[in-house]
Amino acid sequence: MSTHSDKTAQIEEIYKSPFFDLIQRSRTVHLQNWDEDNVQLCTLLSVKTGGCSEDCSYCAQSARYNTGVKAEKLMTSEDILPVAKKARESGTTRFCMGAAWKGVKSGDARFNTMLETVREVSKLGMEVCVTLGQLGDDEARQLKEAGVTAYNHNIDTSPEYYTEIVSTHSFEDRLGTISSVQKAGMAVCCGGIIGMGETERDRLRMLEVLCGFTPPPESVPINCLMSMPGTPLEEQPAVDIFELVRLVATTRIMLPKSRIRLSAGRTRLSREGQALCFFAGANSIFYGEKLLTADNPGTNEDLELLKALDLNPQEQGIPLEVR
Ligand code: SAM
Ligand code: DTB
Ligand code: SF4
């Protein structure tokens, strides 16, 4: 069995290998495990925006910072269903609903509203992902029963750097939620953000933690910080594209069967930069003009980019009766 430090050294060695050797190797791993031209499109919807009790320094939705994001009420299934149907029509295969709060508790009215929404949305035949913050075994089981296929809960950075970014909950809290999600049999979507002032080592430690999950995460969102005005990280400079490509490639080599989602921050990436990320192993994007509160590239722009690269959106599954 490999020790903790063996793993760190192994990841570091891969990450630091000559750039073209690295992406050639990750491309080979990618081709052994995935259709070379397949990219999953996922649509995000913020079902409860702003006013969050937590102090995550990157987040425009924390109530602690003056970001201009207004706190809104939780949307109901009636509000959400038309948006989900439109997303399906646009060719998306995964619908992800995000809520800005600390977490959910069995029996709460808002948790019941979310369960009802999931029951309805899951009838549309897309993968249903939710990101509702902290939860326990009971909440996870109920979400699974309602039809959630994947739960997004990011570790965001290394365990060591996490306390610099968030003080209102801990890295261990994040791991606890992920463990409940796994016990309930939902797929885990877990990744992080780069560009928050962390070191290269922090990025690789984050990857090391993801590699320790059993089973490995079904998908790994890699977000580049979108420096939101009013947050403590508003002045952070943009991530270097080659650092992003190296991280995507290293993730592909270490987690060959996880979908890698090129997530927040694509508005600042060139077409060529994104092409390198796809070559290195990214095979999913958020599709639609908006993420949760921040901008995302336009849908036409994304379709043109995929076409120019001879990549194809993942096809929708077998239609359900409700379609
Ligand atoms: N409240 C829930 C939670 O914290 O898990 C769900 C929503 S939260 C906004 C989901 C993820 O979005 C965060 O974990 C983070 O990875 C990402 N995110 C939020 N703001 C971001 C930003 N400004 N730039 C990049 N990624 C961001
Ligand atoms: C993830 O890793 N990235 C998405 C999704 N999971 C929920 C969210 C990105 C949010 C970007 C900032 C915003 O829209 O406010
Ligand atoms: Fe709240 Fe999630 Fe934003 Fe943290 S990342 S402030 S928990 S919405």
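A few notes on this one:
- Each of Val29, Val121, Gln61 was scored by the projection of its Cα onto the charge dipole of the chain, and the greatest displacement toward the positive side belongs to Val121; charges sit on the C-beta of Lys, Arg, Asp and Glu.
- Calculated from backbone phi, Karplus (6.51, -1.76, 1.60) coupling profile of region 51-60 in Hz, x at Gly/Pro: x, 7, 6, 7, 10, 3, 5, 8, 9, 6
- A straight chain from Glu289 to Ala109 at 0.36 nm per residue would run longer than the Cα-Cα distance by 61.8 nm.
- Binned Cα-Cα distance frequencies in the chain - 10 Å width, integer %: 6, 27, 37, 24, 5, 0
- Under 5 Å from the amide H of Cys96 lie the amide H atoms of Thr43, Leu44, Leu45, Cys129, each residue being 5 or more positions distant or on a separate chain, with H modelled from the backbone and absent for Pro and chain starts.
- Rounded to the nearest 20, the Cβ-based charge dipole of region 38-310 about its Cα centre (Lys and Arg +1, Asp and Glu -1) stands at 620 debye.
- Listed peptides 192-204, 10-22, 34-46 appear in the order 192-204, 34-46, 10-22 once ranked by packing, highest mean of other Cβ atoms within 10 Å at the front.
- For region 220-323, projected area of the alpha-carbon convex hull averaged over all directions, nm²: 8.3
- Between the alpha-carbon centres of region 47-77 and region 93-139 there is a gap of 17 Å.
- Value of relative contact order over the chain, rounded to a whole percent, pairs C-alpha under 8 Å and six or more apart: 24
- Rounded to the nearest 500, the 222 nm mean residue ellipticity of the chain from helices alone is -12500 deg cm²/dmol, with -39,500 (n - 2.57) taken per DSSP H run of at least 4 residues.
- Where no second cysteine Cβ lies under 4.7 Å, the cysteines concerned in the chain: Cys42, Cys52, Cys189, Cys190, Cys211, Cys224, Cys277
- Rg followed by Dmax, in Å, when region 1-142 is reduced to its Cα trace: 20.0, 54
- Percent of beta bridges antiparallel (DSSP, region 38-310, rounded to nearest 5): 5
- For Asn312, the residues whose modelled amide H falls within less than 5 Å of its own, excluding neighbours fewer than 5 places apart on the same chain, are Asn38, Val39.
- Cβ-based exposure ranking for His169, His30, in which fewest neighbours within 10 Å come first: His169, His30
- With the simple spin-label model, which puts each label point 7 Å out from Cα in the Cβ direction, the Glu243 to Ala308 separation comes to 2.6 nm.
Just so you know, all these numbers are worked out from the coordinates, no wet-lab data involved. The shown structure was predicted, so the numbers you read here are calculated from the model rather than taken from an experiment. Neighbour counts run over all protein chains shown; Cβ positions are idealised from the backbone, glycine included.
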